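To start, the structure under review is shown below, and the notes come after it.
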Amino acid sequence: MPLRRWWEHAQKIAGASSVRGLGVGAEHWLQVASDVADAGGLLHTLWVNREPAGDAAVYGAYLTELGVLVAELALPAGGESVYYPGLEDIFPAASRLQRAAFDLSGVRSGDPDRRPWLNHDRPYEFVRVDGEGVHEIGVGPVHAGTIEPGHFRFSVVGEKVLRLEEHLGYVHKGLEQRFTQLPILQGHRLASRVSGDSAIAFSWAYCQALEGMSGRALPPRAAWLRAVCLELERLANHLGDLGALGNDAGFAFGLAQFSRLKEDLLRAVSAAFGRRYLFDIVVPGGVAVDVSSQAARALAEVVRTVCAEIIELRGIYDEHEGVRDRFTGAGCLAPELAARLGVLGLAGRASGQARDARVDLPCAPYTELAVAKIVQQGGDVAARVAVRFEEAQESGRLLRRLLAALPEGEHAVTVDAPAADAFGVGLIEGWRGPVLVALQAGPAGSIRRCHPHDPSWQNWPALEYAILGNIVPDFPLINKSFNLSYSGVDL
Amino acid sequence: MLKTLRKIASIGLVSELPPGPDELLRVRRALDDRIAAVLGRALCIRHVDAGSCNGCELEIQSLSNPYYNLEGCNIRFVASPRHADLLLVTGPVVKNMEAALKRVYAAAPDPKLVVALGDCGCTGGILGECPASLGRVSNVIPVDVAVPGCPPSPVRILQGIVTAISPPV
Ligand code: SF4
């Protein structure tokens, strides 16, 4: 049956603007997935709920042109003998999600790949590449720079990469379990620490789900201030990456200039919000700090200067032959492959995947902002750099607009804890891509289940393809051009 | 090229040597003196993420921007623990990183210093101790100085490093 029919049968879910849920039987679980795929949608995330009594349910959240469709398949109690049909043949991104869900819940999919993912107590077998002159290079978990830990296994001939296999899960902290120990009105604090560079995206998605469940509308000023924070987060991360990418291409000037601009921005953020990084700013019902009109003007002025300098620096990057040479053609991810892998967010848009939740499924205030969707077809490092340059400008435009016309009124309202078993889904386009939080309330203001999803789940496997045929010394540059989160997927 | 040079010339030096915020100045001078007295060469730091949310890493990276100009303070980040005088450890120590952190600690030559960074490194932070996380860094390796903050600002991180290389009073 076409996707639209499933959608019409589904019930509205609280939270983001267009989310619906649908209970399906085992016979329809795969059918929904393939109908979503046929309609050009993709699997956003998958998780398993296991009740203490042993019965369980698996959820698949799909991003479709109609909105987010959450399919739920109830599973009987029965320990290790209970399986649900794996989605990996339809959506390759499902494989790691299913293996992680098994490690967390003990409920397996039918996926023949049964290697552990988050659980490092069981041995992990890498796929071996055999042949004359092939050797392996193992890197990590502790890397040479100031980055997060993970293991990369390269199979190479000479310098050329034949295969890359990522082994992640090193910073698995038990986030989902920790959520269930927090009061639901405090969970946003943990949400902002799922991946620190996306603090606003995660805490907003969490609060969006929560506010929807409680039936509390966000005051306009709160929504606008959240958007200010989200665009500041995007701009700061793009500045950091543009500098680091220049540096990885041998142009230290770029790092010096962009890191200077990022510091200028962080200091302005600190002047306006009282902190350089925006943890704990998004709270249930609004934002923790209001911004005076004077502070808003000062912040807008810094944003204006920073964006003017970005244009100037872009001219310098574009004209620098060494930089151009390293960026162009490196780490190419063709649009067809990106579509097959379901690559999300910035990396997806650099490979022709024209999705941006701020445009496709906007919440306030994005409904009024007419965000420009930035899309490139090249799929190489140069394309991901170009998307960053243009999105930084677009964020600058949005910020100036938002800051110039902040609505009057409250910056926060009180929110009551939702009733037990209420369910909500938040969806926010973070700087890396769409962040989803699925939240279910427990009794007496507790959290029964919270599943946060970072787009890096989809994009890490894409990096394994993007590096193929490139040389090992280009890996830092290509990796940086994706700049994926470890913490966000290790949970 | 001309544009690059013009940009360099027009921006000039932004590193916060005098004049600059007092707090920063004090820390920088203290750092330079201590490093020269103790080591007679650059202080080599190896960063280890033992389970952070990556927020602390962002502020460590800030230290290398032209304002804080860490290299100008005689401090270098090194790629191997074998070259490190000081380990800068972020995050609670999660179970899957315990072995790696212990190996990094063992690989760093004596005498080594350890600075635990951020609320997570100091106390376990919002995660605390749970089946997947062992909590504060000092639960796993000896810690000389713990720098609170979520994340700590670059100035606080610099202060933590000065404190680590200052003799206890
Ligand atoms: S202290 Fe804060 S910023 Fe640092 S790792 Fe912990 S949660 Fe993240």
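The values are calculated or read from the model by the stated rules, or taken from the named source; none is laboratory data. These figures come from a predicted structure and were not determined experimentally. Methodologically, a virtual Cβ is constructed for each residue, glycine included, from the backbone with ideal geometry; neighbour enumeration extends over all protein chains shown. Side chains included, ligands, DNA and RNA excluded: accessible areas come from the protein's heavy atoms. Shrake-Rupley method; radii C 1.70, N 1.55, O 1.52, S 1.80 Å.
If I filter segment B:107-124 for residues that are assigned to a loop (DSSP other than H, G, I, E, B), over 22 Å from A:ARG122 (Cα atoms), open to solvent by less than 60 Å² (accessible area, probe 1.4 Å) and within 16 Å of the ligand (Cβ to nearest atom), do I get at least one hit?
Yes, because at least one residue in segment B:107-124 is assigned to a loop (DSSP other than H, G, I, E, B), over 22 Å from A:ARG122 (Cα atoms), open to solvent by less than 60 Å² (accessible area, probe 1.4 Å) and within 16 Å of the ligand (Cβ to nearest atom).
Could you check segment B:41-63 and list, in sequence order, the residues that are more than 7 Å from chain A (Cβ to nearest Cβ) and either without any contact (Cβ under 8 Å) to a residue 60 or more places away in the chain or closer than 17 Å to B:ARG156 by Cα (or both)?
Once the filter is applied, which keeps residues that are more than 7 Å from chain A (Cβ to nearest Cβ) and either without any contact (Cβ under 8 Å) to a residue 60 or more places away in the chain or closer than 17 Å to B:ARG156 by Cα (or both), segment B:41-63 yields B:ARG41, B:ALA42, B:CYS44, B:ILE45, B:CYS56, B:GLU59, B:LEU63.
Just one of (1) under 23 Å from the mean Cα position of the chain (by Cα); (2) on the phi < 0 side of the Ramachandran plot trips up A:ASP280, so point out which.
A:ASP280 satisfies every listed condition except (2).
Hey, any hits in segment A:246-257 for a residue that's out of contact with any Gly (no Cβ under 6 Å at 6 or more places or on another chain), open to solvent by less than 20 Å² (accessible area, probe 1.4 Å) and polar (S, T, N, Q)?
Yes - at least one qualifying residue is present in segment A:246-257.
Can you report the number of residues in segment B:126-148 which are touching a strand residue (DSSP E or B) at 6+ places or on another chain (Cβ under 8 Å) and either within 14 Å of the ligand (Cβ to nearest atom) or under 27 Å from A:PRO183 (Cα atoms) (or both)?
Selection size over segment B:126-148: 8.
Of the residues A:LEU104, A:LEU97, A:LEU118, only one is touching a Gly at 6+ places or on another chain (Cβ under 6 Å) and among the aliphatic types (A, V, I, L, M); which?
Of the residues listed, the single one that is touching a Gly at 6+ places or on another chain (Cβ under 6 Å) and among the aliphatic types (A, V, I, L, M) is A:LEU118.
Among the residues of segment A:12-23, are any open to solvent by 40 Å² or more (accessible area, probe 1.4 Å), of a type in the set (Ser, Thr, Tyr) and either closer than 18 Å to A:ALA339 by Cβ or free of Cβ contacts under 8 Å to residues at least 24 places away in the same chain (or both)?
Within segment A:12-23 (the criterion being open to solvent by 40 Å² or more (accessible area, probe 1.4 Å), of a type in the set (Ser, Thr, Tyr) and either closer than 18 Å to A:ALA339 by Cβ or free of Cβ contacts under 8 Å to residues at least 24 places away in the same chain (or both)), the answer is no, since none of the residues qualifies.
Could you tell me whether any residue of segment B:85-96 is away from the ligand (no atom under 11 Å from the Cβ), assigned to a loop (DSSP other than H, G, I, E, B) and open to solvent by 20 Å² or more (accessible area, probe 1.4 Å)?
Yes, that holds for at least one residue.
What pairs come out if I take residues in segment B:86-104 that are more than 9 Å from chain A (Cβ to nearest Cβ) and pair them with residues that are part of a helix (DSSP H, G or I) and hydroxyl-bearing (Ser, Thr, Tyr) whose C-beta lies under 7 Å away, six or more apart or interchain?
B:LEU87/B:TYR105
Residues being at pLDDT below 90 and open to solvent by less than 40 Å² (accessible area, probe 1.4 Å): count how many of those fall in segment A:79-104.
Of the residues in segment A:79-104, 2 are at pLDDT below 90 and open to solvent by less than 40 Å² (accessible area, probe 1.4 Å).
Looking only at segment B:125-169, count how many residues are open to solvent by less than 40 Å² (accessible area, probe 1.4 Å) and free of Cβ contacts under 8 Å to residues at least 12 places away in the same chain.
2
Please verify whether segment A:126-146 includes one or more residues that are within 14 Å of chain B (Cβ to nearest Cβ), β-branched (Val, Ile, Thr) and open to solvent by 40 Å² or more (accessible area, probe 1.4 Å).
yes
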